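Below: one structure, written as structure tokens.
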Amino acid sequence: MKNPPFNYHRPATVAEALDLLAKHGDDAKVLAGGQSLLPVMALRLGQPEHLIDISAIDELKAISVNDGVTIGAMVRHAEAEKSAEVKQHAPLVAAALPHVGHRAIRNRGTVVGSIAHADAAAEMPAVCLATEATMTIASTDGARTVAAADFFEGFFSTALAPHELLSHVHFPAANATTGTAVVEVSRRHGDYAMCGLACSIDAGGGTISSAALAFFGVAGTAVRVADAEASLIGKPPTADAFAAAADIVKATLDPSDDIHATAAYRKHIAATLTRRGLAEATSTIGVPA
Amino acid sequence: MTDTKDTQTSGLGFMGQRVQRVEDDRLLVGKGEFVADVLPEGVLHAAFLRSPFPHATINSINVTAAARLPGVHKVFTGAELNAITNPFLPMFMADGVYTPLYKCMSDEKVRHVGDLVALVVAESRYVAEDALELIEIDYTELTPVGTIDQALEPNREQLWEKADGNVLGNLSDSFGPVDQVFSRADHVITRTFECPRQTNQPMETRGTVVKVDKATGHLEIHNTSQAPHALKWALAAMLTDEGGIKNFGKFVRNADRRQAFTAAAKDFLSKNKESLKAQDNAGQVSQLKKDKSLLKHQGKMAMGLLASTDYPTVKAGDIGGAFGSKGPITREDVAVAAAAKKLGKSVQWIEDRVENLMDGGQAREEQFTISMAVDSDGTLRGMKVDFVLDQGAYPGFPISSLIIPLLWKLYMPGPYNIEAFELNGQIVATNKGRVVPYRGPWANETWLRERMLDVVARELNITPADLRAKNVMREGSMPDAFITGPTIDETMSVAKTFDRALEMIDFDQLEEDKAAAEAKGHRLGLGIASYHEAAPGPPNFFSSAQPGSDMLLSEDGRAEIQADGRIVMYTSQSPHGQSHETTYKQVAADEFGVPLEDVEIVWGDTDRTQFSFLGTGGSRGGPLGAGVMRMTARELRRQVTDVAADMLEAASSDIEIIDGNIHVAGVPAKGITYADVAAKVATDKRTTSGPVFTEQMQYDGVGNGGWSVATHVAWVDIDLETGLVEIPRYLVVEDCGPIINPGVVDGQIRGGVAQGVGAVFYERHHYDEQANLLSTTYMDYLVPTAMEIPHIDIEHMETLTDGENDARGTGEGGMIGAPAALTNAVSDALGVEVYEQYLPPYRILELAGVIDR
Amino acid sequence: MSLPSVNAPIGQTLPISVTINETAHSLDIEPRRSLADVIREDVGLTGTHLGCEHGVCGACTILVDGEPSRACLMLGVHADGAEITTIEGLAEPDGTKHPIQEAMKQAMSFQCAFCSPGFLMSTVALLRDNPNPTEAEIREELSGNLCRCTGYTSIVEGVETAVTLLGSSALGSTGDQATGGVA
């Protein structure tokens, strides 16, 4: 189980990286933390002709605060996990990070890499959907931004073109009356979830004014359940309201079977997680990060 | 109670102490030598091309492009390697069973995903894997056999053309008046159970490094083998070529070699006279009915072995676990050795994890229908079991999965009084990986029986504990032998462990805990399971399984004291985590009356150690390996004492040895050392090096004892909203006799239970119905982590007999008891019967009626 | 530290500078080779073990700039400019075991010990960042390392023993070891 041969490029700047992508894009893969790509290559399930290693690009290593938080493509999970800015301005990101793999994986893997990889069972794409994050996509043609809702297209597929680099992701600021939670059920601790939920709820004044429910592990991409979210609006954040939303989730999601879980099981735990996630999110409202 | 701990120690008294492991001085600092660490100068690296199809014929193979890749030394097709190797022959045969012959590679047909098709030898594993992608093969897919049910279909595509369909064996045996018992019992209760495929998954995969001596052609093979001597002889036989047979004439004409052979043969025959007399040839007859080529191959290999003057050396260094999977000799072992021999160059092959999941050893895919005859008062009367065992594609070598039903035959009724027992079943071939022994290879008899006892108890409206208490064999009324043959003594003390376990369960608290769990949407349950295992068993154990096989019981020992006084003990065990070096030092140091560091333990190198067919396996390391070490050490000490007595001008009976000081009792100040005694003998013998005292011995255990027993109790707490299971408490009450090192024993027990927890809640080796392997990585075959395995409480009972070396094996028991205790607990928690062993969260919720199936 | 840009076509090696166990190495490596293979084969430190090569078992865990990382999921070229500690770098030069190694021996933590290098390196980082962890924290932090032999209890006990040993050695002269002895 050894990596196949590849042409290796380690650009020092974004501009260099984009030139390389423009030249080799169709035959290239971007390597950030490598925690998803390298096993795929070792298993020889993926054999890019060119590997563009962005780990030396300093301009991608920053976390910046700007009406929320912008995370660069070389910010590792562990760095985001330790960041007070992320905790304060992007609490849902902070809530998700401890669920990502194990510590050694978080020390190398990157937040943005996980998003670009778009594993439907991973936490970060769901967090993007729930927070309505904005993707900054760079190429030699210039930069463009894409809303999270338009970014994830299917099973491991995104709106990124071969010559493009997902350089930054911006998570909008949460307001003070918003609570957040990431809850999941996995086979073993640290495994990809059989079903997980990244959720937020704004219940200032005792009434729910907005809610986001983004599930992972239950479809080809992370998915929000708009009807369940809508059912919560205007209600007090109570167990009854959450249970009603859970019923809608169960009726809406259409997951599939795999060796770890049946579709019926996934629907059941999606409902369980809806109740638990919303309750947990509510309990975090007003609790300083 | 006869339990006392102080009768078996001598000298410094290391026996029974929690002595820290000497192995750790190298292993914990990164200085172990595992097979992947053996990288001789210029070594080449091998990689196998494996079949992507479960069942297919090979029409053509083109290796031209692969062979041309820079860095590739040679691409061997299957046919090329098969042409220079002999087949794997069945060595263990039984009436009604056919064992297919096969070669190290597949050149016409592939029989499972991962089957061996070609071998690349290259300058690095990277390049070897690159070359694999350039080999072109044209396959024609055949209908796969993916399930037991498919294997039983009469007209399904056959894996093995000489078999009857895909059924390789029919086994049947009965004990006691079965029909009478079943017709007269108040109730006959019948249920069907199934266990899915599991895999051993040691953290180190398999590997072999074949060093070729350029001058002599001698092969030195570093291998992860649990049985290096068996590997040595198998490789010698399988690498024997036509030249070997031509050389046979030389052997015949060489009087010295002929006489040496005759002497060795006579010695073997006289040592095993009774055993050989008891052997019947029914197995051989069954085999020959299907395939007469056995005789031709046997003859060729025997002549080749006789004619050969150079057998390979096998060395097993540090081994990263095995759990049975590294006992069998595998096709890769033979193919890589043949390739290295052919090239005349050293070659390393290290199995990767995907390969290990495909064919590194799989286990326990078995179906059972069990009937229990029982009276209304709970008296167990009889048991009938039908089984089907899925052996996968290629039979294990040298012992196939046939061993499993032969052991079921002995164990299935368990430690309970019963009048009649019958076992019938079939071994079937499917297009899946090889079945190997996996920690208590027969363990499903315990799962089946103990699970069924709970079913029966509920049917009779008595508690599972009461049903067991009523029927368990007890001291005082214990028969001399099980109904299935093996003899028993007080070491079969299951009742003691059962009674103690019941004392340790607070049943009132359990009811409170159940209520508390229910209040928060959980369910709590408790499960009990008891078992006994031959570890190593009484003298008639192996012959009860198969007439004439009791010679497998004995273990050879050898020890010497060097001219400089060093004590060197040789074992034919091949440790792979069991801490033999530490425990054997404890045993020997006690006998010699010396510190631990004065004893050297030698293992793993077939040039230095004495022969053993089995090596490490079958819970032999404590009772037999340590037993023969004790006995040889004792004999050497006697010899030393005699010489020392002369030197000290005293009677041998007055000599004491404490901390290496050999002295007349009461006069330690005037003591001498082993070095002094050895120097004296060396001077007398006019030698300055080499051994001055030597002893060899064969040891067969301690008579009718040799039973390890235990009762496991599991508490499970199930979240009905998620199906996730926690194990708030797990208790093992066990009796493996006097414990050599409690740290080691506790580790063995906990490790075994952990694998049982894995089997029930996390681990299933998934093939689909078309025999495609689905769990090909560690993302899908789920070895539990520290978060999933609970703390395990252990209560030791140490029943002693009057035997000299009463330690009994304990490596397998944890895995034997845990699946039964855990599934019983789940059944108790949910209030439904559980007929399958693997219970992932979705299945838990299906059983609980929370979700639809 | 900023690294210059590099390009290496298939088959071409790249020079890297890496410090392993406080010894500087200049190596020329093919970029596709994993850091684990580079450490084991090029540097000859075979104490780092490969159990699965796809980032699940944790046997190859090493410290890269002080942080536990899977050596199988890094390329050798990723170590350019890095400080690495492997299992061989824990003991004192005179062979005295690191307190965590000593603790694991005292607790009889391992059996085959093939997984032990990964557990030991994870534990170094765990106790550096959290010198007095609860049992639950120990289990969680070590859940990225698989052991097939022990059922983990003895390993958890080893970490607890290490807490005691490090606590006492922190009071003595080997204070550096209290932080794991690594940067």
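The values are calculated or read from the model by the stated rules, or taken from the named source; none is laboratory data. Just so it is clear, the model here is predicted, and its values are computed rather than measured. Backbone-built Cβ (ideal geometry, glycine too); neighbour counts: all protein chains shown.
Might you let me know whether segment A:158-166 holds any residue that is in contact with a helix residue (DSSP H, G or I) (Cβ under 9 Å, 6 or more places away or on another chain), at pLDDT 95 or above and outside the structural domain of residue A:136 (by TED's automatic domain parsing)? Can you show your working first?
Let us first name the residues in segment A:158-166 that are in contact with a helix residue (DSSP H, G or I) (Cβ under 9 Å, 6 or more places away or on another chain), namely A:158-166.
Okay, now just the ones that are also at pLDDT 95 or above, so A:158-166.
Subset that is outside the structural domain of residue A:136 (by TED's automatic domain parsing): none.
No; the residues of segment A:158-166 include none that is in contact with a helix residue (DSSP H, G or I) (Cβ under 9 Å, 6 or more places away or on another chain), at pLDDT 95 or above and outside the structural domain of residue A:136 (by TED's automatic domain parsing).
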ask   = So, of the residues in segment C:27-41 that are within 11 Å of chain B (Cβ to nearest Cβ) and under 25 Å from residue C:9 (Cβ atoms), which turns out to be surrounded by the fewest Cβ atoms within 10 Å (Cβ to Cβ)?
value = C:41
query = Restricting attention to segment B:817-853, which residues are closer than 24 Å to residue B:190 by Cβ, in contact (Cβ under 8 Å) with a residue 40 or more places away in the chain and assigned to a helix (DSSP H, G or I)?
reply = B:819, B:820, B:821, B:822, B:823, B:824, B:825, B:826, B:827, B:828, B:830, B:843
ask   = So which residues in segment A:83-136 are part of a helix (DSSP H, G or I), charged (D, E, K, R) and farther than 22 Å from residue A:280 by Cβ?
value = A:85, A:103, A:108
key: Within segment A:32-55, tally of residues that are in contact with a Pro (Cβ under 6 Å, 6 or more places away or on another chain) and crowded, with 24+ Cβ neighbours inside 10 Å   = 0
task = Pick out the one residue from B:161, B:220, B:157 that is of a type in the set (Asp, Glu) and surrounded by 16 or more Cβ atoms within 10 Å (Cβ to Cβ).
result = B:220
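Can you tell me which residue is surrounded by the fewest Cβ atoms within 10 Å (Cβ to Cβ) among those in segment B:15-38 that are farther than 30 Å from residue B:347 by Cα and either more than 8 Å from chain C (Cβ to nearest Cβ) or out of contact with any Lys or Arg (no Cβ under 8 Å at 6 or more places or on another chain) (or both)? First the steps, then the outcome.
First, the residues of segment B:15-38 that are farther than 30 Å from residue B:347 by Cα: B:15-22.
Next cut, either more than 8 Å from chain C (Cβ to nearest Cβ) or out of contact with any Lys or Arg (no Cβ under 8 Å at 6 or more places or on another chain) (or both) only: B:15-19, B:22.
Numbers: B:15: 26, B:16: 19, B:17: 16, B:18: 13, B:19: 21, B:22: 20.
This residue is B:18.
Which residue, of B:382, B:396, B:360, is more than 30 Å from residue B:125 (Cβ to Cβ) and crowded, with 23+ Cβ neighbours inside 10 Å? Before you say what the answer is, go through the steps one by one.
Details: B:396 fails: more than 30 Å from residue B:125 (Cβ to Cβ); B:360 fails: more than 30 Å from residue B:125 (Cβ to Cβ).
On inspection, the qualifying residue turns out to be B:382.
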remark   = residue A:29 vs (1) in contact with a Pro (Cβ under 6 Å, 6 or more places away or on another chain); (2) in the same structural domain as residue A:97 (by TED's automatic domain parsing): all pass except (2)
query = Could you say which residue among B:206, B:197, B:258, B:253 is free of Cβ contacts under 8 Å to residues at least 12 places away in the same chain and surrounded by 13 or more Cβ atoms within 10 Å (Cβ to Cβ)?
reply = B:258
request  = Any residue in segment A:214-233 that's closer than 19 Å to residue A:117 by Cα and modelled with pLDDT of 95 or more: show its pairings with residues that are of a type in the set (S, T, N, Q) and assigned to a loop (DSSP other than H, G, I, E, B) at Cβ separation under 9 Å, as long as the two are six or more apart or on different chains.
outcome  = A:218/A:256; A:219/A:256
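Pick from B:309, B:330: which is over 30 Å from residue B:187 (Cα atoms), out of contact with any strand residue (DSSP E or B) (no Cβ under 7 Å at 6 or more places or on another chain) and surrounded by 24 or more Cβ atoms within 10 Å (Cβ to Cβ)? Walk me through how you get there before you give the answer.
Values: B:309 fails: surrounded by 24 or more Cβ atoms within 10 Å (Cβ to Cβ).
Answer to the selection: B:330.
Mind telling me which of the residues C:45, C:63, C:50, C:14 ends up being more than 10 Å from chain B (Cβ to nearest Cβ) and farther than 17 Å from residue C:77 by Cβ? Break it down into steps so the answer makes sense when it comes.
Numbers: C:45 fails: more than 10 Å from chain B (Cβ to nearest Cβ); C:50 fails: more than 10 Å from chain B (Cβ to nearest Cβ); C:14 fails: farther than 17 Å from residue C:77 by Cβ.
Answer to the selection: C:63.
Looking at segment B:794-809, which of the residues that are touching an Asp or Glu at 6+ places or on another chain (Cβ under 7 Å), part of a loop (DSSP other than H, G, I, E, B) and not hydrophobic (A, V, I, L, M, F, W, C) is nearest to the other protein chains (Cβ to nearest Cβ)?
Of all residues in segment B:794-809, those touching an Asp or Glu at 6+ places or on another chain (Cβ under 7 Å) come to B:794, B:796-801.
Subset that is part of a loop (DSSP other than H, G, I, E, B): B:798-801.
Among the residues that remain, those that are also not hydrophobic (A, V, I, L, M, F, W, C) are: B:798-799, B:801.
Values: B:798: 19, B:799: 24, B:801: 28 Å.
This residue is B:798.
Limited to segment A:257-270, what total is found for residues that are assigned to a helix (DSSP H, G or I), surrounded by fewer than 23 Cβ atoms within 10 Å (Cβ to Cβ) and more than 7 Å from chain B (Cβ to nearest Cβ)?
If we filter segment A:257-270 for residues that are assigned to a helix (DSSP H, G or I), which is where we start, we get A:263-270.
Subsequent filtering for residues that are surrounded by fewer than 23 Cβ atoms within 10 Å (Cβ to Cβ) retains A:263-264, A:267.
Next, from what is left, pick out any that are more than 7 Å from chain B (Cβ to nearest Cβ): A:263, A:267.
Within segment A:257-270, residues that are assigned to a helix (DSSP H, G or I), surrounded by fewer than 23 Cβ atoms within 10 Å (Cβ to Cβ) and more than 7 Å from chain B (Cβ to nearest Cβ) number 2.
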message = Among the residues in segment A:151-171, are any within 14 Å of another protein chain (Cβ to nearest Cβ) and either under 15 Å from the mean Cα position of the chain (by Cα) or crowded, with 22+ Cβ neighbours inside 10 Å (or both)?
response = no
query = With respect to residue A:20, is the statement that it is at the interface with chain C (Cβ under 9 Å from one of its Cβ atoms), under 27 Å from residue A:62 (Cα atoms) and out of contact with any Phe, Trp or Tyr (no Cβ under 8 Å at 6 or more places or on another chain) true?
reply = yes
Count of segment A:25-47 residues which are more than 11 Å from chain C (Cβ to nearest Cβ), farther than 22 Å from residue C:16 by Cα and at pLDDT 95 or above = 4
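Identify all residues within segment B:779-793 that are within 19 Å of residue B:747 (Cβ to Cβ) and within 7 Å of chain A (Cβ to nearest Cβ); write none if there are none. Walk me through how you get there before you give the answer.
Kept after step one, since they are within 19 Å of residue B:747 (Cβ to Cβ), are these residues of segment B:779-793: B:783-786, B:788-793.
Once the filter is applied, which keeps residues that are within 19 Å of residue B:747 (Cβ to Cβ) and within 7 Å of chain A (Cβ to nearest Cβ), segment B:779-793 yields B:784, B:785, B:788.
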ask   = Can you spot a residue in segment C:98-110 that is at the interface with another protein chain (Cβ under 8 Å from one of its Cβ atoms) and out of contact with any helix residue (DSSP H, G or I) (no Cβ under 7 Å at 6 or more places or on another chain)?
value = no
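Would you check if residue C:42 is more than 23 Å from residue B:786 (Cα to Cα) and either under 9 Å from the mean Cα position of the chain (by Cα) or at pLDDT 95 or above (or both)? Steps first, answer last, please.
Working: more than 23 Å from residue B:786 (Cα to Cα): yes; either under 9 Å from the mean Cα position of the chain (by Cα) or at pLDDT 95 or above (or both): yes.
Yes: the conditions hold for residue C:42.
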message = Give me the residue from segment B:612-655 that is in contact with a Pro (Cβ under 8 Å, 6 or more places away or on another chain) and among the polar types (S, T, N, Q) and, out of that set, farthest from residue B:407 (Cα to Cα).
response = B:616
Conditions (1) under 25 Å from residue B:778 (Cα atoms); (2) buried (at least 24 other Cβ atoms within 10 Å of the Cβ); (3) touching a helix residue (DSSP H, G or I) at 6+ places or on another chain (Cβ under 6 Å); number of the one not met by residue C:156 = (2)
ask   = Looking at segment B:682-705, which of its residues are of a type in the set (A, V, I, L, M, F, W, C) and modelled with pLDDT under 90?
value = B:702
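Step by step: first the residues of segment A:185-207, then only those that are more than 16 Å from the chain's Cα centre (by Cα), within 12 Å of chain B (Cβ to nearest Cβ) and surrounded by fewer than 21 Cβ atoms within 10 Å (Cβ to Cβ), then the one that is modelled with the lowest pLDDT. Which residue is that? Outline the logic, then answer.
Within segment A:185-207, the first condition is being more than 16 Å from the chain's Cα centre (by Cα), and the residues that meet it are A:185-189, A:201-207.
Applying the additional criterion that residues be within 12 Å of chain B (Cβ to nearest Cβ) yields A:185-189.
This time we only want the ones that are surrounded by fewer than 21 Cβ atoms within 10 Å (Cβ to Cβ), so: A:186, A:188-189.
On the way: A:186: 97, A:188: 96, A:189: 92.
In this case the residue turns out to be A:189.
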request  = Among what's in segment B:127-154 and is free of Cβ contacts under 8 Å to residues at least 40 places away in the same chain and in contact with a Gly (Cβ under 9 Å, 6 or more places away or on another chain), pick the residue that is surrounded by the most Cβ atoms within 10 Å (Cβ to Cβ).
outcome  = B:153
